[in-house]
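Report on the following structure.
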Amino acid sequence: MTSTATPAPTSALAHPDAALRAAQPGEATIDRIAHVALSSVVLPLATPISDAKVLTGRQKPMTEVVFLVAEITTEGGHTGIGFSYSKRAGGPGQFAHASEIGPVLVGEDPSDIAKIWTKLTWAGASVGRSGLATQAIAAYDVALWDLKAKRAGLPLAKLLGSHRDSVRTYNTSGGFLHTPIEQVIENAGASLANGIGAIKLKVGQPDWRTDIARVTAVREALDPDVPLMVDANQQWDRATAMRMGRIFESFDLVWIEEPLDAYDAEGHANLARSLDTPIATGEMLTSVAEHMRLIEVGAADIVQPDAPRIGGITPFLKLAALAEHKQLEIAPHFAMEIHLHLAAAYPIEPWVEHFDWLAPLFDEHLETRDGRMYVSDRPGLGFTLSEQARAWTVATAEFGRRP
Ligand SMILES: [Mg+2]
């Protein structure tokens, strides 16, 4: 060291504005994870939610969503927040698994996200590399990406390398099966007025004519240019899906979502080959390996990965590379607070699903305008946990020491 004018990296790291100025040489490799906090947050839903899985008797109406929230703090004072989630069941299991494997994070360099993902996976390898175990890892992985982007002073989309500053967005929450059609049409109008560009309707009624009547009513109520999608939530058999798909061809839908069981790759592939309307699926899959099977056989024209469900942003990026290789569109499922950034960084024009359910959990909100959702200029994911989220916290765990 020949210059005394260069500040020592350690003192620069401790500065509260460290993320706002350029890193010093070597600084990026010297920080360590000091403290990890886990929270289980139960978000109540205003109305019990029903899709086709409820009408076929396979699931009860959904009344809450349970979030696994991870907050990571480094010795240098950098922080990251991430989350995973579960619906109807699995929240305590995700929390328990994350609590067991979480201590391996302490002392790791937070920049080594791929290494940490692998370490967390091996810490819990006995229970597998998909499903609940992977979803427990997702909360940590998302927090580490949030931390890395915050430290760089960049929105996550910019850190990954954006293709656009906004993403086409569509509404789902107004078109569930429990909602009377008059209300669905009113909800659609409100969504469009709020800058959301397209409307998705749930289908899969016991009487298929009800599906046709509802989609027809919405199609006729809205401007013909408004894009429409339908979502059967896996509840048709192959013959019904083909018949419904052929009937729906004249509706010029953007896609038909989950017409079949999530793991019926051949059935989806046959539909995708046979219909002009694009087939979308993938939200229920819980690993990149499961997605690979669908992509390999051409099961989906539009892939719908869910970063929290497949283990976080690290595996999502691997999946995105596979999807791009096949020139597929993506329309990530749920969790727009994470997926907006990932969609903005995907080369082929994607869609983001607008769900306002998570709004009470955060102090910040996303902007929608002219049919698109905008990446904010806030660093990282761009969200801080609200007091309401703290109030809905039912369990906590922590590892390490606060710096
Ligand atoms: Mg869906």
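Nothing in this text is a laboratory measurement; each read-out follows from the coordinates by a stated rule. Everything numeric in this text was worked out from a predicted model, so none of it was measured. Neighbour counts run over all protein chains shown; Cβ positions are idealised from the backbone, glycine included.
Given a Förster distance of 22 angstrom, what is the FRET efficiency for Met292 paired with Lys115, based on the Cβ-Cβ distance and rounded to 0.05?
0.45
Mind listing the phi-derived Karplus ³J(HN,Hα) values for the stretch 229-236, rounded to whole Hz, using 6.51, -1.76 and 1.60 with θ = phi - 60°, and x for any glycine or proline?
Couplings: 10, 10, 9, 9, 6, 6, 9, 8 Hz.
To check you understand DSSP bridge types, tell me what percent of the beta bridges within the chain (both residues inside) are antiparallel, rounded to 5. It would help to have the intermediate numbers written out before the result.
On the way: 35 of 55 bridges.
Approximately 65 percent, going by the DSSP bridge assignments.
Looking at the stretch 157-386, what % of the alpha carbon pairs are farther apart than 23 Å?
Details: 12169 of 26335 pairs.
Everything past 23 Å amounts to 46 percent.
Convex hull over the Cα atoms of the chain, averaged projected area in nm²? Working shown, then result.
Numbers: hull surface 79.4 nm².
So the Cα hull casts an average projection of 19.9 nm².
Would you work out which of Ser162, Val104, Tyr263 lies farthest towards the positive end of the dipole of the chain, given +1 charges on the beta-carbon of Lys and Arg and -1 on that of Asp and Glu, about the Cα centre?
After comparing all options, I get Val104.
Where the centre of each part is set by its Cα atoms, how far does the stretch 24-90 sit from the stretch 111-155, in angstrom?
Here the two parts' Cα centres lie 12 Å apart.
Between the stretch 333-383 and the stretch 210-262, what is the C-alpha centre distance in whole Å?
So the separation of the two Cα centres works out to 25 Å.
Taking the Cβ-Cβ separation of Glu100 and Gln183 as r and a Förster radius of 60 Å, what is the calculated FRET efficiency to the nearest 0.05?
Details: r = 44 Å, r/R0 = 0.73.
So the FRET efficiency works out to roughly 0.85.
Based on Cβ point charges of +1 for Lys and Arg and -1 for Asp and Glu, what charge dipole magnitude is obtained for the stretch 157-386 about its Cα centre, in debye rounded to the nearest 20? List each step's numbers first, then the result.
Working: 19 positive and 34 negative charges, 64 e Å.
It comes to approximately 300 debye.
Just list whichever of Lys119/Lys318; Lys158/Lys326; Lys87/Lys148; Lys87/Lys318; Lys60/Lys202 have alpha carbons separated by over 27 Å in the model shown.
On the way: Lys119/Lys318 17 Å; Lys158/Lys326 24 Å; Lys87/Lys148 29 Å; Lys87/Lys318 25 Å; Lys60/Lys202 16 Å.
From Lys119/Lys318; Lys158/Lys326; Lys87/Lys148; Lys87/Lys318; Lys60/Lys202, over 27 Å: Lys87/Lys148.
Does anything in the stretch 341-358 have its amide N under 14 Å from the 7 Å Cα→Cβ label point of Leu45, and if so which residues?
355-358
Using the Cβ atoms and a cut-off under 10 Å, what net charge is assigned to the surroundings of Gly204, where Lys and Arg are +1 and Asp and Glu are -1?
Working: positive: Lys53, Lys202; negative: Asp51, Asp211, Asp231, Glu258.
Taking every Cβ under 10 Å from that of Gly204, the sum is -2.
Within the chain, which whole H helices from DSSP have a Cα span along their axis of at least 27 Å and a mean Kyte-Doolittle hydropathy of -0.5 or more, if any?
Working: long enough: 131-152 (31 Å, 0.30).
Once both thresholds are applied, what remains is 131-152.
Among the DSSP beta bridges whose two residues both lie in the stretch 157-386, what percent are antiparallel, rounded to the nearest 5? Walk me through the intermediate numbers first.
Values: 7 of 26 bridges.
Taking every DSSP beta bridge with both residues in the stretch 157-386, the antiparallel ones total about 25 percent.
Arrange Met292, Met244, Met373 by Cβ neighbour counts within 10 Å, fewest through most, would you?
Values: Met292 14, Met244 21, Met373 25.
Lowest to highest Cβ neighbour count: Met292, Met244, Met373.
Treating the beta-carbon of each Lys and Arg as +1 and of each Asp and Glu as -1, no other charges, what is the dipole magnitude of the chain about its Cα centre, to the nearest 20 debye? Can you show the working numbers first?
On the way: 35 positive and 49 negative charges, 148 e Å.
Approximately 720 debye in magnitude.
Please report the projected area of the stretch 107-172's Cα convex hull averaged over all directions, in nm².
On the way: hull surface 25.3 nm².
Average of the hull's projected areas for the stretch 107-172 equals 6.3 nm².
Before rounding to the nearest 500, sum -39500 (n - 2.57) across all DSSP H runs of length at least 4 in the chain and divide by the residue total; then give [θ] at 222 nm in deg cm²/dmol. Provide the component values of the computation, followed by the final result.
On the way: 15 runs with 148 residues, N = 403.
Only helices count here, giving -10500 deg cm²/dmol.
Report, in cubic angstrom per residue, the convex hull volume of the C-alpha atoms of the stretch 162-216. If you can, show how the numbers build up before the last one.
Working: hull volume 5.1 nm³, N = 55.
Once divided by residue count, the hull of the stretch 162-216 is 92 Å³.
Whose amide H sits under 5 Å from the amide H of Leu260, counting only residues 5 or more places off or on another chain, with H placed in the peptide plane?
Gln234
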